[in-house]
C-alpha cells in the first residue's frame, strides 16, 4: 500500500505526526538537540517535546518551515558545550508499605534490599523528558541491574510521590492515580503544583540524585 | 462597566468546562495544550459578544446547564445545536448575539446532533489563569473553575464588558456531512502489515463509550503489526495510536504528550471541528490526504456580520 507523506523531500529523519507535528530522530542526542532548539527563536514552532530518541516540534497553524528551522534541525551538535543543568536532591524513603515492589525487584536483581537501595541512591539521573502526567519525569541513568519491566497489571491507585521503575527509566509519580510502574519508595517532594508560578519541579536536562532517609 | 457581573449555575450539564484557546508551550513539562475542542467555534462565539477571541467561555458536551444572569448579559453559542429555552420565552438562536435581561435564565438541554457547543458570555469568564490559560484540565484537576466541571450552585465572575455592542450573526463553514476523517500517514505506518493498513483505510470504526477529551477510542477491525511497544515519542491531538489490542485511539485535546504505541496515522488539524462532534456509537472512516495538501488547506471560514 502506498504510504504518502512520510517525509519532507530532501530531509531524512523527519516524519510528520498529523499535519502539525514534525518528528525528528535524535539518536542518543535528544537533550543536546532539544537545548539547541529551545535556544533559537523559531517563530513557526508552538511547542518542542523531547522524548526517547526523538523530538516532536508542534508547528503553529499555517506556519511555513523556514530556512532557520531547517538549519536548527540539521545543524551539527557541539556535544562538548553542554549547558550546566540544575541538580535536584530528592529525599526518599524506600521499601515498606510505600515501596511494595522493592522486595521483588531486589530479588530479581540478585541484591539485598539494602544494596538495591544503595545502588539506586548512588546513581545520578538526568530528566530525559516528561510525560504521562504533568511533571512526571523519565529519569535516565538507572543502573542496568535495577531495570525491570512494568507491572503486568497496572495498579488502580499509586500515591503521589511514589518512586517508580519502568524499563530503563526511574520515575516519580507527581499525583496519585493509576500506574503500571514498579513502586519502590516515596518522597515528599512536590513535583507539580499548578498554583505556583513555575508549577513543574523538573525540566528536561535537569540532574536528580536520591537520598535514602 | 459591570465588573461585578456573574452567571449562576442553576443546574449543571453533563460536562460543562471553562475553556479558552488552550495552553500550548507546556507539553515538554507533561502538560497538553488542551483548550476548546473546536477553538474557532469558541473564538467566534466570543466575537458575537464583543470579547477578545482568547476569552474564556464554556464547552458543553452532550447536555448543557441552566444559567441564570442576575445582572443580564450577552451570550453567543456556536457548535452543535442543543435544545434550549429562555425564561423570557424568546427563541434561543445559535450563531448570533443573544441579549439576556437581568434575572433571565438560559436553559440548555441535550445536543440534537453532534456532541459539543461553545458558549461565550460578554466580558468572558474570570477564573484564574494557570500556565497562561483559563482552560480546565480535568485529568490533573487544574484550570477552569477549581479544575473541575461546573456544578449546581457555582457562581462564575464575568470580566468587564465594553458596551454598547453590535448585534452580530455568524455563519459556520460549509457542513461536511459524511463521516470521513482526513489523515496523513503516521510515523509508524510502516510497522503495520498490508491487511492492517487496508482495514484501517477501508473499514468503518465505531466510537466507543470510553471516549473523552483525552482520546476517542474506536472499535472495529483489529490492526495487527509486528512491534507492540516502542520508545516513547511526542504525540499531539489527532494522532491515531494503536495499543496492543489493535483498536485505534485518536488522541484528544487533553491526551498524553508522549506515548509508546505506534502511530498509524494522524487526523489533520482542519478536521478538529469534526472530531469535536463525534460521540459514542458514531461511525467514522479514514481517508488519506497528501501532507502538502493538508498543510495548504485554508482555515475553514466562519463569516460574521451585523444582525438586522
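What FRET efficiency comes out for the pair residue A:195/residue B:4, r = Cβ-Cβ distance, R0 = 35 Å, nearest 0.05? All intermediate terms of the calculation are to be shown ahead of the outcome.
Working: r = 25 Å, r/R0 = 0.71.
So the FRET efficiency works out to roughly 0.90.
Size descriptor for the stretch B:180-296, Kirkwood hydrodynamic radius: 13.9 Å (Cα pairs only, one decimal). The Cα atoms of the stretch B:224-267 cover 28, 19, 14 Å along the three principal axes, with the biggest extent listed first. Per-residue shielding of A:194-202, expressed as the average number of other chain Cβ atoms within 10 Å of the residue Cβ, stands at 4. Taken along the Cα-to-beta-carbon direction at a fixed 7 Å, the label points for residue B:71 and residue B:292 span 5.5 nm.
Scaling the Cα radius of gyration of the stretch A:14-74 by the globular reference 2.2 N^0.38 Å produces a ratio of 1.00. A convex hull fitted around the alpha carbon atoms of the stretch A:87-213 yields 93 Å³ per residue.
Within the stretch B:93-214, the percentage of alpha carbon pairs spaced more than 22 angstrom apart rounds to 62%. The packing ranking of peptides B:128-134, B:33-39, A:103-109, highest mean first, is B:33-39, B:128-134, A:103-109, where packing means the average number of other beta carbon atoms within 10 angstrom of each residue. From least to most packed, judged by other beta carbons within 10 angstrom and beginning with the fewest, A:195, B:307 follow the order A:195, B:307. With q set to 0.18 Å⁻¹, the log10 of I(q)/I(0) for chain A, from the Debye formula over equal scatterers at the Cα positions, is -1.23. Mean partner shielding of peptide A:169-178, defined as the number of other chain Cβ atoms within 10 Å of each residue Cβ, is 1. Above 33 Å, the calculated P(r) of the protein assembly as shown contains 44 percent of its Cα-Cα pairs. Over the whole of B:186-194, what's the average partner chain Cβ count within 10 Å per residue? Rounded to a whole number, please. Other-chain Cβ atoms within 10 Å of each residue's Cβ, averaged: 4.
Each of B:207, B:92, B:242 has some number of other Cβ atoms within 10 Å of its Cβ, and from fewest to most they run B:92, B:207, B:242.
Throw me the Rg/Rh for the stretch B:6-171, computed over C-alpha atoms with Kirkwood Rh, two decimals. Each step should come with its number before you reach the end.
On the way: Rg = 14.6 Å, Rh = 15.5 Å.
Over the Cα atoms of the stretch B:6-171, Rg/Rh equals 0.94.
Each 10 Å bin from zero up to the one holding the largest Cα-Cα distance in the stretch B:9-87 carries the following percent of pairs: 17, 46, 29, 8, 1.
A simple spin-label model places the labels of residue A:87 and residue A:157 3.8 nm from each other, with each point 7 Å out along Cα-to-Cβ. Computed over every Cα-Cα pair of chain B and binned at 20 Å starting from 0, the pair-distance distribution P(r) comes out as 33, 54, 13, 0 percent.
A short reminder: the numbers here are calculations on the coordinates, not readings from a lab. Computed from a prediction, not measured in an experiment: that's the story for all the values here. A quick note on method: Cβ atoms are made from the backbone with ideal geometry, for glycine too, and the neighbour counts reach across all protein chains shown.
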